[in-house]
Amino acid sequence: MKDYDERIKELLGKMTLEEKVGQLQQCGPSLVGAFVVSFEELLNMMFDGRISQEEFGRLMGTAEQDFHEEDLRAGRIGSYNGVGDAETVNRLQKIAVEETRLGIPLLFGYDVIHGFKTVTPIPLAESCAWEPDLWERTGRMAADEATAAGVHMTFAPMVDAAKDARWGRVSEGAGEDALLNGLYGAAKVKGFQGEDLSRKDSMAACVKHFAAYGAGEAGRDYNRVDMSEQRLYEEYLPAYKACIDAGARAVMPAFNDINGVPCSVSRKLLRDILREDWGFDGMTVSDSNAIAECVDHGIAEDKRDAAKQAILAGMDMDMSSNSYIENMKELVESGEVPMDVLDEAVANILRVKFELGLFDDPYRTDSQRESQTMGKPEYRALGREAAQKSMVLLKNDGVLPLAKEKKIGIIGELASDRGEMTGAWAIGANGDDCISLTDACDARGIPYTYSKDGKNILKMAIESDVLIAVIGERKDESGEAASRASITLKPEDEELLKGLHTFGKPVVVILFNGRPLAIPQLNETASAILEAWHPGVEAGNALLDILYGEVNPSGKLTTTFPYTTGQCPMYYAHINTGRPGGRSKFTSKYLDTPLEPVYPFGYGLSYTSYEYSGLKVEKTEKAFRISAEVKNTGDRAGDEIVQCYVQDVVAKRVRPVKELKDFAKVSLEPGEEKEVVFEIPFEKLGYYDREMNYVVEPGLFRFYVGGNSRDTLMAESVL
Ligand code: NOJ
């Protein structure tokens, strides 16, 4: 990457104090219109039912956006959040470049979480493909579309490993495992940023939420995180570090506190770990309003105090709280914030603007490129591939794939509600872009009968050979501020299923959801369960591809499905305790629920079967070489995700019963057998000892290879 230090220094030399502070300010358009409450309050009114969704839509339709242009002209804005159309971006950029004293270009940030126009499956779903190459390709596509709309930076990837299914934002990351989150995040960073950040189709990645946002107590959003240093370093930080190592140019500190210090004001996170230990020289941007929220955390007296603490800790840009713009000038003038500290924050932001090429070409797009880029056929095809690879077959008694001649009856709103296909965080797309299951049936001429709510379906049930229930969560039931205290199916879905079973026909359940659900009964009663998650714009096509066997499902869970909510947090890499759960009374277990999950991490079926054999472990000079044979014992070609786990049997701190260390996706024709080999360097087998030293200790290790975290072969070796 080019070194822009000289140009940054020169620019800083010309900037007034006000102009410097302006660079730290990120704001979104405010809404002004026919309502006298704030946008947040209006949203609250809709969510708590004081106004209907339609009324909300009507009011929003009458509202106008205020882009704070006077502030922009005066050099008081360095960045916008949430502006995603080429015309507006270029209009605002023109003001910045032509009408401000120094002409410093704006940086436009946007939440491009799983696609922009061509919305791909939610991240939790896409992670179930276990395919870094796919993750990178969909990231590249998102960057092409988003940059065409004027976006320079995406607030993604989110790599918060999440072990608690109650947390709504489980949907936005790659599941419970740090290694997988790191690989997913690194692939996204490469995809978003491309080979050269200054290319018009590259956008900067902003890794979030630093750190351990997924570990909030009781799965409640924004809640405290209290954990040992060792755990933080072993189970959470590696995912963020993998993204920094992949070259991510921005980092968003998390809302939560860790051990009593909100991440937004954590010098340890933002300076010691991020910059000193990891060598990060990009920019940090707060989460929305997070600096001001330090007052609510009870760690700052007021916004001024919060601003001071945040910038001293290493927070460069203030998203939406106005804490910097209102107080920083005075804080610097009074000497409470040294000019050097301010300069460093400004330099970090300017560096990213230089790298994006904004000083050479502030207008990276126009309306023509925008309209030519969105939703191209090859992008729709990629969206479909991603959806096919993300779905996980949880159960199948043989009813799937469906024979063409079977008459199908489809039940459930989610089978036809296009707007629900995308899941949380899909701002650039709408229902018109989506293909639902019933749309796809119509397009392919597949006859079906359909009932939205499962009422009065006697005739339909009698005439159908197979009933397909499409149930689960609507898109606003996961994502931000969507924690659930109970992760079961909804009572109305339970009722519906009960009713369907009375007809004695096979019931295939398609699940739409943004988190693991506790579905032990469903596992008992359904003939087949296909976990579709929120599959994106190509939902219906991908579903039919799998239901009719044109595609053999290959997705595997990256998150554990518990029996019951009370088991949360539940994850495969747990420790043994001194009394591992067993049959005797005084062991670590529950009285009223099994110890095992319904579906373990790494689990997923296909229309063929695989057999594992011949696990061998050899020691080379610097690594363990683990090999096993995998055979396709069924009659269809398939892709099997082969997983390799390790256990350090005796150590100075208790270690997980197994930890994922590597995996491979292997294509196998019917009857074909392949050898799969993993090389695990010794240095990857370490942990943090009681004094926080990373140590790799000699001793016994167990190696597990299999198609999920539960059903594995095991072999041992000594280091
Ligand atoms: C709040 C969310 O926590 C964060 O993930 C997102 O990027 C910002 N809002 C901006 O929309």
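Loop-located trypsin sites (Lys or Arg not before Pro) in segment 529-585 (DSSP state other than H, G, I, E, B) with a sparse environment of at most 12 neighbouring Cβ atoms within 10 Å: ARG583, LYS585.
Can you bin segment 563-719 into rounded, prolate or oblate? Criterion: square roots of the alpha carbon gyration tensor eigenvalues sorted a ≥ b ≥ c, rounded for a/c under 1.5, prolate for a/b above b/c, oblate for the rest. Note, shape of segment 563-719 comes out oblate. Inter-label distance, ASP66 to ASP453: 4.2 nm, where each label sits 7 Å from its Cα along the C-beta direction.
The Cα center of segment 535-591 and the Cα center of segment 607-636 differ in position by 23 Å. The alpha carbon centroids of segment 409-426 and segment 16-84 are separated by 29 Å. Considering only the chain, what is the antiparallel percent among its DSSP beta bridges, to the nearest 5? Around 60 percent antiparallel, to the nearest 5.
Counting only alpha carbon atoms, the long axis of helix 178-193 and the longest principal axis of the chain meet at about 50°. A simple count of charges around ARG384, restricted to other residues whose Cβ falls under 12 Å of its Cβ and scoring Lys, Arg +1 and Asp, Glu -1, yields -3.
Axis of helix 132-148 versus longest Cα principal axis of the chain: the two differ by about 40°, to the nearest ten degrees. With a ≥ b ≥ c taken as the square roots of the eigenvalues of the C-alpha gyration tensor of segment 177-330, please select rounded if a/c is under 1.5 and otherwise prolate if a/b is larger than b/c or oblate if it is not? Note, shape of segment 177-330 comes out oblate.
The angle between the Cα long axis of helix 5-14 and the main principal axis of the chain comes to about 50°, on a 0 to 90 degree scale.
Taking Cβ atoms as reference points and 13 Å as the exclusive limit, the residues near LYS407 contribute a net charge of +1, counting Lys and Arg as +1 and Asp and Glu as -1. Positive contributions from Lys and Arg (+1) and negative ones from Asp and Glu (-1), summed over other residues with Cβ under 12 Å from the Cβ of ARG625, come out at -2.
Summary of the geometry: segment 647-664 and segment 120-194, compared by the centres of their Cα atoms, lie 26 Å apart.
Every number here is computed from the coordinates shown, using simple stated rules; none is lab data. Quantities reported herein were computed from a predicted structural model and do not represent experimental measurements. So basically every Cβ, Gly included, is an ideal-geometry build from the backbone, and we count neighbours across all protein chains shown.
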